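Inspection log for the structure reproduced underneath, given as structure tokens.
The values are calculated or read from the model by the stated rules, or taken from the named source; none is laboratory data. Computed from a predicted model, the values in this text were never measured in an experiment. Every residue, glycine as well, gets a Cβ built from its backbone with ideal geometry; the counts of neighbours run over all protein chains shown.
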Amino acid sequence: MRRLTVQRVLALTAAALLVTTPALVRAQASAAEMSEGALCDTDPNQTFSLTASDGYISTPDGNSIYMWGYGNSKRGFQLPGPTLCVESGRTVTVILHNTLPEATSIVFPGQQGVKANGNPAQPQFDAGGSLTSLVQTADATDGSVTYTFTAGSPGSYLYETGTDVDKQLQMGLYGALVVRPAGHANQVNDRADSAFAGGKEYVFLLSEVDPDVHLAVERHQPVDVNASKSRYFMINGRSMPDTLAPNNAPWLPGQPYGALVHIKPYDATTNPLPATIHYLNAGSVNYPFHPHGSDERVVNRDGHPLQGPAGQDLSYQKYDLDVGPGQTLDVLMDWRDVEQWNPGTNPIPTQIPAITDQLLVGSDTWFSESGYLGTRNPVPSNMAQNNECGEYYHIAHSHALEQATNYGAAFGGMMTVFRIDPPAGCASQ
Ligand SMILES: [Cu+2]
């Protein structure tokens with residue numbers, strides 16, 4: 001993104017931030033609802049009950065869209081489905097109840113020995129030999145089916161419909177499955193170098209919505225998925241700026257998962273471990289996702305560690321993360337600020353040019369995208385600092401810019417913010 005565009009994004013984001021945080025959040029959400037990061041559904045027996053049902057989501061431009069989704073049977077409709085967190089090698093049971101007007105199902109790519117009602121999971125055909133589903137289904141209206149499998153290699157995976165996939169996936173039947181290494185809940189995979197800081201785990205389930213398809217399904221009209229054109233692009237079922245609202249924001253009842261990443265800079269003694277972000281693409285096209293201001297280290301792809309046959313570390317730093325349809329990437333993310341907070345520790349002598357200084361534009365203060373803070377200029381006398389405690393906000397978004405819109409209106413869509421607090425943290429957080 002060119003510099004002017006960056007500034008435009010930042011300016012618009014400033015407006016979004018002013019609207020959504022922190023005053024409104026504080027006013028409307030209780031302390032318990034201020035949660036950030038991955039919210040896992042867990043169970044000691046690794047047994048989950050999901051109900052496929054319909055509901056509505058809100059978009060930031062005031063639209064309301066009819067969706068289908070998997071909800072926890074005790075909580076009801078949500079988009080995306082619950083993030084199921086399980087342990088590698090153990091048996092997982094998922095009971096699917098179906099209240100939708102047509103048969104549906106769940107496929108579990110990457111898991112082992114998947115069974116449906118005790119039988120091997122396999123494609124289904126009608127009497128004429130045509131494929132009707134990739135896996136056994138739950139009947140329309142009141143059917144159910146029980147899937148079991150052995151949780152596969154540690155990493156993140158999609159679970160999604162295997163029935164009339166073009167339509168049902170667009171309608172919202174998908175969720176994230178996070179498989180943890182046995183005995184190492186704070187590692188991405190079995191490698192010790194995939195450890196992440198406790199509580200600093202984020203799911204970015206990327207998807208898209210063509211509202212015309214959803215309107216047709218709601219009205220029981222024919223759907224032409226080949227003519228589909230998506231208009232909304234989402235992280236965890238929300239579009240920017242709703243992505244910044246906390247988990248379980250009361251004004252987004254069917255969209256419980258936020259996407260604000262909130263970290264502190266790397267420090268060898270006080271904050272040595274990175275955060276982890278699980279990227280999953282439940283849509284139909286590539287999502288070239290990138291954060292500003294820092295690379296991310298890709299350690300897993302499609303639930304498998306990036307390593308050689310002898311265990312060589314094949315992870316890599318990447319700025320633009322191309323997440324393909326159906327693909328997952330697990331990354332480690334930290335943010336380094338060696339000059340400001342660890343002076344003298346940078347092994348490469350660096351002359352910091354003035355352009356890396358903090359930028360002062362109108363009434364806003366913005367960081368210039370460099371990994372070095374540079375000089376912190378005094379705030380002009382005619383303005384007050386508008387962040388809370390000296391924290392920085394970096395944009396992270398799909399670089400396919402039509403995906404960073406709400407029905408064409410820039411900026412929005414598949415976009416969020418990475419918040420980096422000062423090393424001492426923020427007293428108010
Ligand atoms: Cu960008």
Filter the stretch 112-130 for residues that are more than 32 Å from the chain's Cα centre (by Cα) and in a strand (DSSP E or B); the one that is nearest to VAL86 (Cα to Cα) is ASN119
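Each row is one residue, and each column tells you yes or no for (1) within 24 Å of ALA249 (Cβ to Cβ); (2) at pLDDT 95 or above; (3) hydrophobic (A, V, I, L, M, F, W, C).
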position	(1), (2), (3)
THR161	no, yes, no
ARG180	no, yes, no
HIS184	no, yes, no
GLY199	yes, no, no
PRO211	yes, yes, no
SER230	yes, yes, no
MET234	yes, yes, yes
Residues of the stretch 186-223 being under 24 Å from TYR279 (Cα atoms) and in contact with a helix residue (DSSP H, G or I) (Cβ under 6 Å, 6 or more places away or on another chain), in sequence order, are GLN187, VAL188
The correct count of residues that are part of a strand (DSSP E or B) and not aliphatic (A, V, I, L, M) in the stretch 208-223 is 1
Residues of the stretch 92-104 being crowded, with 21+ Cβ neighbours inside 10 Å, among the polar types (S, T, N, Q) and out of contact with any helix residue (DSSP H, G or I) (no Cβ under 9 Å at 6 or more places or on another chain), in sequence order, are ASN98
Residues of the stretch 99-156 being of a type in the set (S, T, N, Q) and in contact (Cβ under 8 Å) with a residue 40 or more places away in the chain, in sequence order, are THR99, THR104, SER105, GLN111, GLN112, THR141, SER144, THR146, THR148, THR150, SER153, SER156
Considering residues that are over 21 Å from the mean Cα position of the chain (by Cα) and in contact (Cβ under 8 Å) with a residue 40 or more places away in the chain, the number found within the stretch 53-65 is 3
Of those in the stretch 386-418 that are away from the ligand (no atom under 16 Å from the Cβ) and within 19 Å of HIS262 (Cβ to Cβ), the residue modelled with the lowest pLDDT is ASN386
The strands (runs of 3 or more DSSP E) lying wholly within the stretch 224-314 that contain at least 1 residues that are within 16 Å of the ligand (Cβ to nearest atom) and either free of Cβ contacts under 8 Å to residues at least 12 places away in the same chain or touching a helix residue (DSSP H, G or I) at 6+ places or on another chain (Cβ under 7 Å) (or both) are 232-235, 287-291
Picking from ASP166, ASP193, the residue that is closer than 30 Å to THR269 by Cβ and part of a helix (DSSP H, G or I) would be ASP193
Going through (1) among the aliphatic types (A, V, I, L, M); (2) in contact with a strand residue (DSSP E or B) (Cβ under 7 Å, 6 or more places away or on another chain); (3) in a loop (DSSP other than H, G, I, E, B) one by one, ALA185 fails only at (2)
The residue from GLY118, GLY113, GLY89 that alone is surrounded by fewer than 17 Cβ atoms within 10 Å (Cβ to Cβ), touching a strand residue (DSSP E or B) at 6+ places or on another chain (Cβ under 6 Å) and under 27 Å from ASN45 (Cα atoms) is GLY113
Residue hits (the stretch 263-300; surrounded by fewer than 19 Cβ atoms within 10 Å (Cβ to Cβ) and closer than 17 Å to PRO181 by Cβ) are LEU273
Counting only strands (runs of 3 or more DSSP E) wholly inside the stretch 40-94, the ones holding at least 1 residues that are of a type outside the set (D, E, K, R) and under 20 Å from GLY113 (Cβ atoms) are 47-58, 83-87
